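*Asks:* First the structure, which I've put down as structure tokens, then a few questions once you've had a look.
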Amino acid sequence: MLSKEGILALRRAKRRNMERLMLACGGEAVNSTDNLTPEMLGEAGLVHEHTIGDDTYTFVEDAKMGHSCTLLIKGPNDHTIAQIKDAVRDGLRAVKNALDASVVTAGAGAFEVALYNHLMKYADEVKGKTKVGVRAFAEAMLVIPKTLAENSGLDVQQSLIMLQEASTAARAVGKWAGLRLDNGDVLDPVAEGILDNFLVKKNLIDSAGEIVAQLLMVDEIMKAGRRGAGGPPPQ
């Protein structure tokens, strides 16, 4: 019936695809044409079939609602497609986390260097063994700027010293100081649009303290030898 009227119809559509069509085009999902009204119909600018490889896909373009979409990823092999897919997923998750938190942090190692300077000042205010722990935690924060400098072929020590001095001056006026990877200079990451995810940073810092506490609670490590290695079997 639909074919005679020049209407494209799809058979055996998955339920999930029907839900996506409603989000993209509007309308309602119905099981029959009985009592069908114009208000139940969705709208799209173009619907066509396209063959990619051995599979045929139906493209619904210029949808009215636009609350759902599908990304078509092409590549020369499965490995490249998997890498692109992971990159797209990571990017979408980063955007989602930023929207959920409604806040971001400065990138380019600026946050870690500023936190290092803050913790080192705080270490001078505490006494006893706590001072050692605070300083160790502060030194751990420099791993990211060290890695950025090393991967960029820069002098790690020179870059850290320059960043620490620049960060102290920048934070005094409410700004940030990060590392420019192409020439090793200092930049303002917020002005350059280099930002990090707040939720990721928060979870990393929270997890670091918990992991360290668990490791310090370990009293003894037992390692069993392999059978047939010439020694006695493990007890």
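*Asks:* Tell me, please, whether a residue that is assigned to a loop (DSSP other than H, G, I, E, B) and in contact with a Gly (Cβ under 7 Å, 6 or more places away or on another chain) can be found in region 79-97. Reasoning before the result, please.
*Replies:* Within region 79-97, the subset assigned to a loop (DSSP other than H, G, I, E, B) is none.
Looking for residues that are assigned to a loop (DSSP other than H, G, I, E, B) and in contact with a Gly (Cβ under 7 Å, 6 or more places away or on another chain), one finds none in region 79-97, hence no.
*Asks:* Still on this structure, please answer the following. May I ask you to list the residues in region 19-41 that are touching a Leu at 6+ places or on another chain (Cβ under 7 Å) and touching a residue at least 12 places away in the same chain (Cβ under 8 Å)? Full working, then the answer.
*Replies:* In the first step, residues of region 19-41 are kept if they are touching a Leu at 6+ places or on another chain (Cβ under 7 Å); the result is 27, 30.
Across region 19-41, the qualifying residue is only G27.
*Asks:* Given the conditions (1) within 16 Å of G209 (Cβ to Cβ); (2) exposed (fewer than 15 other Cβ atoms within 10 Å of the Cβ), report the number of the one that F137 does not fulfil.
*Replies:* Status for F137: all satisfied but (2).
*Asks:* Mind listing just one residue for me: the one in region 75-107 that is in contact (Cβ under 8 Å) with a residue 12 or more places away in the chain and exposed (fewer than 12 other Cβ atoms within 10 Å of the Cβ) and, of those, nearest to L195 (Cα to Cα)?
*Replies:* Taking region 75-107 as the starting set, the residues that turn out to be in contact (Cβ under 8 Å) with a residue 12 or more places away in the chain are 85, 88, 94, 97-98, 100-101, 103-107.
Right, trim to exposed (fewer than 12 other Cβ atoms within 10 Å of the Cβ) and you get 100, 103.
Details: D100: 15, V103: 10 Å.
Among those residues, the one meeting the criterion is V103.
For every residue, the table says whether it meets (1) surrounded by 11 or more Cβ atoms within 10 Å (Cβ to Cβ); (2) in contact with a strand residue (DSSP E or B) (Cβ under 8 Å, 6 or more places away or on another chain); (3) touching a residue at least 12 places away in the same chain (Cβ under 8 Å); (4) within 20 Å of D100 (Cβ to Cβ).
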site: W176; (1), (2), (3), (4): yes, yes, yes, no
site: K202; (1), (2), (3), (4): yes, no, no, yes
site: D206; (1), (2), (3), (4): no, no, no, yes
site: Q214; (1), (2), (3), (4): no, no, no, no
site: K223; (1), (2), (3), (4): no, no, no, no
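*Asks:* Just the residues that are part of a loop (DSSP other than H, G, I, E, B) and surrounded by fewer than 12 Cβ atoms within 10 Å (Cβ to Cβ), please, taken from region 44-68.
*Replies:* The initial filter retains those residues of region 44-68 that are part of a loop (DSSP other than H, G, I, E, B), namely 53-54, 64-68.
Correct list: G53, D54, G66.
Since every read-out is calculated from the coordinates, none of them should be taken as a lab result. Owing to the predicted nature of the structure, the values given are computational and were not obtained by experimental measurement. Every residue, glycine as well, gets a Cβ built from its backbone with ideal geometry; the counts of neighbours run over all protein chains shown.
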